[in-house]
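Visitor: Have a look at this one.
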Amino acid sequence: MNVNQHTPMASPYGQPQPGYGQPGYAPLDGGYPSPYAPYNGPSSAYQPGAPPQGYSPFTNFPSKAVVANPVSDLSSPLDLGPARGPPTSGAPPGSAPQSYNQYSQGDMQNGPPPMTQAPPRPAASQLYNQGAVNLSGPQPSYPQNYGPQPSVQQVTSQMTGMQITSGAPAPTGPGYAPPRSSQHLASTAYSAAPPTSFTQAPPPASSALTQPPPPSGPAASQQYYGGQPPPSQQQFNSSFPPTSQRQFPSPGPPPSSSQQNFPPSSYSGPVSPPSQAPAPSVSQPQQSFPPSQPPFSSAPPPLSQPAFVAGPPPPTQGSFPPRAPPPSSQPGSFPHPGLPPTSMPSGQYPGHMPPQQQPPPSQPHPYQSGPPPTRTQMPPTSMAQSNHLPPGPQGPPGPSGPMQQPSAQPGMQGGYPPQQNGAFGQGRGPQPGYAGPYPGQPNYGAPAPTPASGPPAQKRLDPDAIPSPQASDMPAVQKSRHRIDPDAIPSPIQVIEDDRAKCTEPFTTGVRGQVPPLVTTNFQAKDQGNASPRFVRCTAYNVPCTADMAKQSQVPLAAVIKPLATLPPDETPPYLVDHGEAGPVRCNRCKAYMCPYMQFIEGGRRFQCGFCSCVTEVPPHYFQHLDHTGKRVDCYDRPELSLGSYEFVATVDYCKNNKIPQPPAFIFLIDVSYNAVKSGMVNIVCQELKTLLDFLPRENPEMDSVVRVGFVTYNKVLHFYNVKASLAQPQMLVVSDVSDMFVPLLDGFLVNVNESRLVIESLLDQIPEMFADTRETETVFGPVIQAGLEALKAADCSGKLFVFHTSLPIAEAPGKLKNREDKKLVGTDKEKSLFQPQVSFYNTLAKECVAQGCCVDLFLFPNQYVDVATLGVVPVSTGGSIYKYTYFQAQSDTERFLNDLRRDVQKLVGFDAVMRVRTSTGIRATDFFGSFFMSNTTDVELAGLDCDKAITVEFKHDDKLSEETGALMQCAVLYTSCSGQRRLRVHNMAVNCCSQLADLYRNCETDTIINFFSKYAFRGLLTNPTKAVRDTLINQCAQILACYRKNCASPSSAGQLILPECMKLLPVYLNCVLKSDVLMPGADVSLDDRAYLRQLISGMDVTESHIFFYPRLLPLTKLESGSLPVALRDSEERLSKGGVYLLETGLHLFLWVGASVQQELLLNIFGTQSFSQIDPSLTSLPVLDNPFSQRLRDIIESFRAQRSRYMKLMVVKQEDKAELIFRHFLVEDKSASGGASYVDFLCHMHKEIRQLLS
């Protein structure tokens, strides 16, 4: 869809919580279920005593016997509000158990909630009163230590730094929690006392907006592997604020009146990157605040902003004079072109900050007071603060009014508790090696640190004075840092751990509108009428009833569908139903397939469609009587009447040209030019195929595969091989006229592997020898795909082409390309042309491939620019995959390449597929994202559809919806199985509808929203400047949160950032998308890598996009069998010199080894005595005979098994050059390319929200 013509993107609708560790995919050979066996009916929905599964994420159940706070609901305000008294000497409270029940659900319900709708949620208006929490101590991370809850007194005493209150900050002053009132949504406000200004840049935001996501896929990995530093991203400085529309703003128009326009001087030059700010330690589960509430509150989705204390912080060293606030990014308005919009991420400063000494992760968080915070609530932190920090050294006093905080308490300087570093939390000593505030940015609110670690004088923060992040003007290194405490802002790890603790029962899908467990939680799904979350995940499970409400909230309404997803071994694959020649029963009008939403009437003789309400006669062979409740008596014997997902055997009417399809074929096309032979690729492929051909996909593991195979080699000309079983030796036929491609033989090209095994093996042995001395360096590419396509046409079958290619096709032939890589275009309006195909030839070729059911998988081995944006058109349009191995080296990359090839050849795949999504009246599917081709507006055509591909579908209202009936969606995929059988796979999903915004914000899935936003933004790059795309994302996210703050949160100071509980991680994850290599590349990120990642992400499901944008960081000092250590937050600050950590990005694995790690650990892992003896070129760990080594290797293998691409292991020694690549994935820190840290971005978002609200 043309991004430009869209209304503002709706914000995604449900919000998945980030997490890792989706249950691994089941082995590929599980095959399809046998035709369906007697089905015994769904198991009962809930086990007595267990919380109903239907509770939305925010219904958290107490994990220990802790009294739940009845008031929390869904948001977590982060109150960066009134100054609080100095910390007292009491110890910080340990982390009290956070009960999971943050919501006001007093009693747990044992029985299942009514089928028709999701379990009751607490009233939106309840405020989660969590008691003020003091974040002033050093905030140790919070692992989940559940201890007794600290007394109010204790807490108060700690409150000096930050108060987390729920809802509005208590006017009474520090330490008072507002009375629990049942009127506010429970948003917990994180009120943190205003921090002193940060000398150091605030902790990195989760990934600063601009930081690129880890590169995905091989491409990235290669690129990175080259040892180059991680790609940097573009700075967020954009000149115009994002519009609120979906469309990307066009540069230039003057700011609209709604925006404040500040003189350009308000941004002084880019700020120099501070060293990367450390991020909070990851290992703690911290409580995070819901993203959507700005201050982190766990309350309902209020959007209030962080409260800042008014008054500028003391100047930091090297601080600059205050600047005027940048223009806001109000929708639709554009500031002068010269001013950066406020929407810039705040941390745009390149450069990494050295890690900060963070409290050991395992310490309990002091912020535990009162009822446990909401499921992921964290004390507020950065947002509020930073946003309001005055830019300059001593900014003018803050405005009075809501932002003005109460006067300082005695003992506090300037209204802040004296803290050592200005962080909220106990003061931390100076951190050596940390860079100072981002240059150019008036210290983000941190008072200038004095070199000494003594407490700096604190001043009030003036929110409006904080400029948008800039990229350069601060001193490079400052010893002490004043900043928002990263432990006080919503922590992805805390949210993930809380969700895991809550998920003890199987997730039953029988309740409409239930929000499923996060993708990072291992759960068992039981199909009871809606599709499992492994097949379908929605952005929102409670959809607005009207288009106006959807537009107001901006939450995108979308579903991520993975039709052929592999299920874990303990879940039943979809049953296969065969209705014989009559075929599946369908609605006469809308053609929806029979499903649990059809209502039988007139004694079972007719049925009313749940989608269009049309009444259809029941065919005689399908008639069955109804029971006393109006259900058919055979309801539980028929999968299509009782389950959310099932398959039908399709009749000949569903086949192309009305004839049963032939079994598919696989054709291997191997580049034999000089580069391919020299790198060893040709030899490796030929040797591997000899064994791999025994593992072609099959549905029944006992039977031989019916897939036929063919072989072609090419450079400037093509060589076809006749491998007919009757030949003694293979025959080669050369086609040198590449401008008019044809297949020189029919009989003997596509053969059965078992029949022609000897001839095929002889051929594979001869190919490397035949081309060993080649001097041909030029290659063709278009004719290669045409050759495979013509062969499939001649055999009248669908199939897949496996193309192994090395270089830019510059030889004279159709589809010839030229090198157009031009770094000078990066960051300009012409940059978008680099993502578009160079020639239209491949678009036409892709269309022909789709029509024939010819899917293309491309394996690239480039040593320089190959124009992935153009070569990838055919694979992406046909539902294929691209694998990229830059600077391929046989020694180190063979394992990764062969594992990818084996999985690609063996995985179950459907051919010649067509997908259609039907919806109930009131909404319709309007947009689709993924690897496919569309010739009309409704049918998604895929020449190939495998178990790893996901399609994201966006819905829009075309009428009103009703709360009683909810909204229904049915995804039907017609495809040819790998055995040649035509089938229909159907997935059904029912969600609730709401007339109150609070219900929408309570039932979102942030991870799914981020999956949608990333695909939407990456597609927008084809038609818009990168900066406009980033601004649009920031603006939409700010609108989602501002709408919550305005309509759902209880009234509170504007200085408070209030986020909805379900969306408290929206800012950190959005920042990761903004900082990804695609949107903000570093200098070393090639155009090919960006194009490759852009195409890769378009087909990712929620599990893969989650780990890609927010990698998993595990500490490895202690490994117990059976459970993984709790992950840490992605920040350098969480790393210790004496530790070893494993980082998983979905495309790479890094093993980071600290310089002062214990000898025992080195012996257990590497078998070496000292740090200097570790070989950094290792790609696999030595097999040592000790439990630690065994467990670590098992963990690495289990991570690899969960991903669709093989992750190569890279050993990174502290202070080594490879550390730059590793740091690139610490997404809460500032990125080298100018991406903001999490803290800075949170502040920036808070400022954007306040501007929208004002």
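Visitor: In the stretch 827-873, carbon and sulfur make up what percent of the accessible area (probe 1.4 Å)? It would help to have the intermediate numbers written out before the result.
Guide: Numbers: 760 of 1550 Å².
Carbon and sulfur: 49 percent of the exposed surface of the stretch 827-873.
Visitor: Extending each Cα 7 Å along its Cβ direction at residue 504 and residue 1198, get the distance between those two points in nm, one decimal.
Guide: It is 2.1 nm.
Visitor: Then there's this: Just the accessible area per residue of the stretch 998-1059, please: how many Å² with a 1.4 Å probe? Don't jump to the answer; show the numbers that get you there.
Guide: Values: 840 Å² over 62 residues.
For the stretch 998-1059, the solvent-accessible area averages 14 Å² per residue.
Visitor: What accessible area per residue, rounded to a whole number of Å², is obtained for the stretch 560-659 using a probe radius of 1.4 Å? Working shown, then result.
Guide: Values: 4520 Å² over 100 residues.
On a per-residue basis, the stretch 560-659 sits at 45 Å².
Visitor: Report the extension gain between residue 612 and residue 1179 in nm, rounded to one decimal, defined as 0.36 nm multiplied by the number of residues separating them, less their alpha carbon distance. It would help to have the intermediate numbers written out before the result.
Guide: Values: separation 567, 0.36 × 567 = 204.12 nm, distance 5.65 nm.
Gain on stretching residue 612 to residue 1179: 198.5 nm.
Visitor: A further question follows. How much FRET efficiency would the formula 1/(1 + (r/R0)^6) give for residue 924 and residue 551, where r is the Cβ-Cβ distance and R0 is 25 Å, rounded to 0.05? Kindly include the intermediate steps, with their values, before the conclusion.
Guide: Details: r = 16 Å, r/R0 = 0.63.
The computed FRET efficiency comes out at 0.95.
Visitor: May I ask which residue of 1124, 1058, 1092 lies farthest towards the positive end of the charge dipole of the stretch 1050-1159, with charges of +1 (Lys, Arg) and -1 (Asp, Glu) on Cβ and the Cα centre as origin?
Guide: Projecting each Cα onto the dipole axis, the largest value belongs to 1058.
Visitor: Rolling a 1.4 angstrom probe over the protein chains, ignoring ligands and nucleic acids, what is the accessible area of residue 1177 in square angstrom, nearest 10?
Guide: 80 Å²
Visitor: Something else: Evaluate the charge dipole of the stretch 587-669 about its Cα centre and quote only its size in Debye, nearest 20, assuming +1 on the Cβ of each Lys and Arg and -1 on the Cβ of each Asp and Glu. Write out the running numbers ahead of the final one.
Guide: Values: 9 positive and 8 negative charges, 54 e Å.
My answer is approximately 260 debye.
Visitor: From largest accessible area down, sort 736, 892, 1233, 995; use a 1.4 Å probe on the protein chains. Walk me through the numbers on the way to the answer.
Guide: Values: 736 85, 892 30, 1233 10, 995 60 Å².
So, going from the largest accessible area down, we get 736, 995, 892, 1233.
Visitor: Need the list of lysines near residue 716 for cross-linking: C-alpha distance under 18 angstrom, and skip anything on the same chain fewer than eight residues off.
Guide: 678, 816, 818
Visitor: Write down the accessible area per residue of the stretch 672-792 in Å², having rolled a 1.4 Å probe over the full set of protein chains.
Guide: Values: 5130 Å² over 121 residues.
Per-residue accessible area for the stretch 672-792 comes out at 42 Å².
Visitor: Ordering 1217, 800, 591, 526 by accessible area with a probe of 1.4 Å, largest first, what comes out? Don't skip to the end; give the middle numbers.
Guide: Working: 1217 150, 800 5, 591 90, 526 60 Å².
Largest accessible area first, the list is 1217, 591, 526, 800.
Visitor: To the nearest 10 square angstrom, what accessible area does residue 778 show with a 1.4 Å probe?
Guide: 60 Å²
Visitor: Select from the stretch 1096-1146 those GluC sites (Glu not before Pro) which occupy a DSSP coil region and have at most 14 other Cβ atoms within 10 Å, ordered by residue number.
Guide: Numbers: sites: 1104, 1120, 1132, 1133, 1144; in loops: none.
Within the stretch 1096-1146, no GluC sites (Glu not before Pro) qualify (loop, at most 14 other Cβ atoms within 10 Å).
Visitor: Moving on to the next point. For the stretch 1106-1220, place one equal point scatterer on every Cα, skip the solvent, and apply the Debye formula. What is log10 of I(q)/I(0) at q = 0.13, 0.22, 0.23 Å⁻¹?
Guide: Log10 of I(q)/I(0), two decimals: -0.45, -1.47, -1.63.
Visitor: Over the stretch 640-779, what relative contact order in percent results from Cα pairs under 8 Å that are six or more residues apart?
Guide: Working: 194 pairs, mean separation 38.5, N = 140.
Computed value for the stretch 640-779: 27 percent relative contact order.
Visitor: Under a plain spin-label model, where a point goes 7 Å from the Cα along Cα-to-Cβ, how far apart in nm are residue 736 and residue 825?
Guide: 3.6 nm
Visitor: Based on the Kirkwood radius over alpha-carbon pairs, what value in µm²/s does the Stokes-Einstein equation return for the translational diffusion coefficient of the stretch 513-644 at 37 °C and 0.692 mPa s? Intermediate values should be presented prior to the final figure.
Guide: Working: Rh = 17.1 Å.
Calculated translational D: 192 µm²/s.
Visitor: Right, here's the next one. Within the stretch 680-764, which GluC sites (Glu not before Pro) sit in a loop by DSSP and count at most 12 neighbouring Cβ atoms inside 10 Å? Each step should come with its number before you reach the end.
Guide: Values: sites: 688, 699, 702, 755, 761; in loops: 699, 702, 755.
Here the sparse-neighbourhood loop sites are 702.
Visitor: Express the carbon and sulfur contribution to the solvent-accessible surface of the stretch 876-918 as a percent, rounded to the nearest whole number, probe 1.4 angstrom.
Guide: Numbers: 520 of 1230 Å².
Carbon with sulfur: 42 percent of the solvent-accessible area.
Visitor: Ignoring ligands, DNA and RNA, how do 732, 969 rank by accessible area with a 1.4 Å probe, largest first?
Guide: On the way: 732 80, 969 10 Å².
Result, largest first: 732, 969.
Visitor: Students often forget the sequence filter, so: which lysines lie under 17 Å Cα-Cα from residue 724 once same-chain residues fewer than 8 apart are removed?
Guide: 690
Visitor: Between residue 1163 and residue 694, what is 0.36 nm times their sequence separation minus the Cα-Cα distance? Round to one decimal in nm.
Guide: Gain in length upon complete extension: 164.8 nm.
Visitor: Quick one: give the max-minus-min coordinate of the C-alpha atoms of the stretch 579-726 along each principal axis, largest first, in Å.
Guide: The principal-axis extents, from largest down, are 74, 33, 31 Å.
Visitor: Now, a different point. Between the stretch 863-936 and the stretch 655-685, how far is it from one alpha carbon centroid to the other, in angstrom?
Guide: Rounded to whole Å, the Cα centres lie 15 Å apart.
Visitor: Continuing with the same structure: Work out Dmax and Rg for the stretch 988-1075 from the C-alpha atoms and quote the Rg first, both in angstrom.
Guide: 14.5, 44
Visitor: Using a Cα-Cα cut-off of under 24 Å, which lysines could be cross-linked to residue 502, ignoring same-chain neighbours fewer than 8 residues away?
Guide: 64, 526, 1064
Visitor: In whole angstrom, note down how far apart the Cα centers of the stretch 1080-1147 and the stretch 1014-1053 are.
Guide: Using only Cα atoms, the two centres lie 24 Å from each other.
Visitor: Could I ask something else about it? Taking 0.36 nm per intervening residue step and subtracting the Cα-Cα distance, what contour gain separates residue 889 from residue 637 on full extension?
Guide: Numbers: separation 252, 0.36 × 252 = 90.72 nm, distance 5.57 nm.
This chain segment gains 85.2 nm when fully extended.
The values are calculated or read from the model by the stated rules, or taken from the named source; none is laboratory data. Please read all numbers here as calculations on a predicted model, not as lab measurements. Cβ atoms come from the backbone with ideal geometry, glycine included; neighbour counts cover every protein chain shown. For the accessible areas, the whole protein counts, side chains as well, though only heavy atoms, and no ligand, DNA or RNA atoms are used. Shrake-Rupley method; radii C 1.70, N 1.55, O 1.52, S 1.80 Å.
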